[in-house]
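Presented below is the structure to which this report refers.
The values are calculated or read from the model by the stated rules, or taken from the named source; none is laboratory data. On a predicted model such as this, the values are computed, not experimentally measured, just so you know. When we count neighbours, we look across all protein chains shown, and the Cβ atoms used for this are built from the backbone with ideal geometry, even at glycine. Heads up: the accessible areas ignore ligands, DNA and RNA and are worked out on the full protein's heavy atoms, side chains in. Shrake-Rupley method; radii C 1.70, N 1.55, O 1.52, S 1.80 Å.
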Amino acid sequence: MKPFSAELLGTFWLVLGGCGSAVLAAGFPDVGIGLLGVSLAFGLTVLTMAYAIGHISGCHLNPAVSIGLWAAGRFPAGKLLPYISAQVIGGVLGALVLYLIASGAAGFDVSKGFASNGFGAHSPGGYSMTAALVTEIVMTMFFLLVILGATDKRAPAGMAPIAIGLALTLIHLISIPVTNTSVNPARSTGVGIFVGGWALQQLWLFWLAPIAGAILGALTYRFIGSEDE
């Protein structure tokens with residue numbers, strides 16, 4: 001149970017830290033952290049947890065990452081369902097704590113988004129479903145490439161969390177305007193449950209696209225990362 005508990009706690013931290021920065025601090029008067037701050041917050045959640053629980057569970061914190069690692073031959077299929085279940089539960093619990101905090105402010109309205117992911121009218125920049133689909137696939141694909149490369153036995157030891165955290169920061173800098181950045185079905189599900197309505201209706205894309213992108217990233221790394229010419 002220790003690896004699954006670690007995944008639950010790690011995903012809890014990702015949602016509370018990343019989505020919490022967006023909901024509580026992004027637009028705060030005078031000292032709002034903005035897009036750059038939110039992007040950095042998501043990267044920091046992964047970086048800190050990678051050092052905290054990487055040696056316990058591998059610090060996936062993301063169903064797409066677990067599936068991508070399986071597709072790359074680095075994770076057993078038998079652990080997929082327990083890992084994904086733990087990640088989703090952690091994401092929902094993180095969103096619950098965030099909701100309890102955010103709802104303590106006068107005028108809080110969860111229907112305004114609550115850091116949910118969306119496209120069309122619910123995209124921060126009004127981007128289409130096709131743009132959202134392409135963005136989430138490509139961003140998750142490159143996220144897996146970084147994860148697999150940084151954790152390769154030939155890569156510099158101990159540096160993987162920094163590379164992975166910075167990669168997630170960069171992904172958010174690129175794609176927050178398009179989808180509010182998912183690349184993580186557990187993160188999207190956690191906050192989407194509290195928003196309901198449109199967030200749940202569009203949630204399919206934020207499962208399908210990250211998983212497809214993760215598999216593409218895994219297959220690509222199996223080709224370029226092979227020691228055989």
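The table below gives the values:
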quantity	calculated
Convex hull volume per residue for the stretch 1-66, taking Cα atoms only, in Å³	73 Å³
Kirkwood Rh in Å, taken over the stretch 91-136 so that all alpha-carbon pairs contribute	12.2 Å
The stretch 172-229 - Kirkwood radius from inverse mean 1/r over Cα pairs (Å)	12.9 Å
Whole-percent carbon and sulfur share, accessible surface of the chain, 1.4 Å	71 percent
Cα-based helix-to-principal-axis angle, 160-179 vs the chain, degrees rounded to 10	40 degrees
Per-selection Kirkwood Rh - the stretch 51-116 (Cα, Å, 1 d.p.)	13.9 Å
Part-to-part distance (alpha-carbon centres) for the stretch 170-226 and the stretch 22-91, which is given in Å	11 Å
Rule-of-thumb Rg ratio for the stretch 47-183 [Cα; 2.2 N^0.38 Å; N residues]	1.16
Net charge dipole size for the stretch 99-229 [Lys, Arg +1 and Asp, Glu -1 on Cβ; Debye, nearest 20]	240 debye
Once the Cα gyration tensor of the stretch 125-229 is diagonalised, semi-axes √(5λ) in Å	28, 14, 12
Accessible solvent surface per residue of the stretch 181-229, calculated while the other protein chains remain in place, 1.4 angstrom probe, Å²	45 Å²
